[in-house]
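All remarks here apply to the structure that follows.
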Amino acid sequence: MIDDKLSADVTERICSALCLAIAEGALKPGTKILDDVIASHFGVSRTVARGAIAILERERVIDRKRNRGAFVATPSIEEARHLLEARLAMELAIVDRAVVELSEDEMDRLQGLTLEEDAVHGSHDPAAKRRISGNFHIELARASGNTVYVDILQNLVARLTLVAALYEIKSSDCCGSNDHRAILEALRQRDKEKARALMKVHLERIEATIDLSGGSEDNISLSSVLAKFAPVT
């Protein structure tokens, strides 16, 4: 049982490290995920590494190609459109619940996140901007009290990070604190229709930065990414 628990713990660490690296754009769509590199870095068997990769395959963050191996997923244009559509539906459902469920303490905590956004958006760190902006949406879902919404939105945000890596117009910066503050103020006023309208406009702005006509390729070292996102101590 101890071995099983240790295996589960390291599997979670591997999944978290890979997801964070993908979310921050360190692992690009199409990057090959080598189980031997993961196993060596975490000091586990390749079986454990493959188990973690399989979890991310089920979440469609990683694709396995027959006779070629596992790769960070490369969403098609059609999939990108479906993901954007699904996110809009999910975020509006979250707003509907949040307008009823959010406490004043939770609203204050979310307000604090917008202040963190202000600091980050003044920097030249696109990965940090992406992380903190996405975090506002995840924490809003969490504060709404529906854990299933949180799980679904986390997966959508992760997969849309891949869409952005492939199709986003350079230097776009639309998921910002001003929009988030306006949404939060409407929620504080318990104005569902206004909050829904603001969220819809906000997501449409983000969608407008997606150009579904091209992509890019980069050579990435998996071992160097793991060293950054899961340092061995």
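Quick notes on this structure:
- As for the range 44-60, it holds at least one residue that is out of contact with any helix residue (DSSP H, G or I) (no Cβ under 7 Å at 6 or more places or on another chain), at pLDDT 95 or above and hydrophobic (A, V, I, L, M, F, W, C).
- Against the numbered list (1) modelled with pLDDT of 95 or more; (2) in contact with an Asp or Glu (Cβ under 9 Å, 6 or more places away or on another chain), ALA127 comes up short only at (1).
- Positions within the range 208-231 being aliphatic (A, V, I, L, M) and either at pLDDT 85 or above or closer than 30 Å to THR11 by Cα (or both), in sequence order: ALA208, ILE210, ILE220, LEU222, VAL225, LEU226, ALA227, ALA230
Residues checked against (1) modelled with pLDDT of 90 or more; (2) part of a helix (DSSP H, G or I); (3) in contact with a Leu (Cβ under 8 Å, 6 or more places away or on another chain):
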residue	(1), (2), (3)
ALA164	no, yes, no
CYS174	no, no, no
HIS180	yes, yes, yes
LEU187	yes, yes, yes
ARG190	yes, no, no
LYS194	yes, yes, no
LEU198	yes, yes, no
ILE206	no, yes, no
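- Residue match in the range 18-28 (condition: more than 30 Å from ILE183 (Cβ to Cβ) and outside any loop (DSSP other than H, G, I, E, B)): yes
- Residue satisfying condition, being assigned to a helix (DSSP H, G or I), under 26 Å from ALA17 (Cβ atoms), at pLDDT below 90 and among the β-branched types (Val, Ile, Thr), within set VAL148, VAL120: VAL120
- Picking from residues in the range 68-116 that are crowded, with 19+ Cβ neighbours inside 10 Å and assigned to a strand (DSSP E or B), the one that is farthest from the chain's Cα centre (by Cα) is ALA70.
The values are calculated or read from the model by the stated rules, or taken from the named source; none is laboratory data. This is a predicted model, so every value here is computed, not measured. Positions of Cβ are generated from backbone atoms using ideal geometry, with glycine treated the same way; all protein chains shown enter the neighbour counts.
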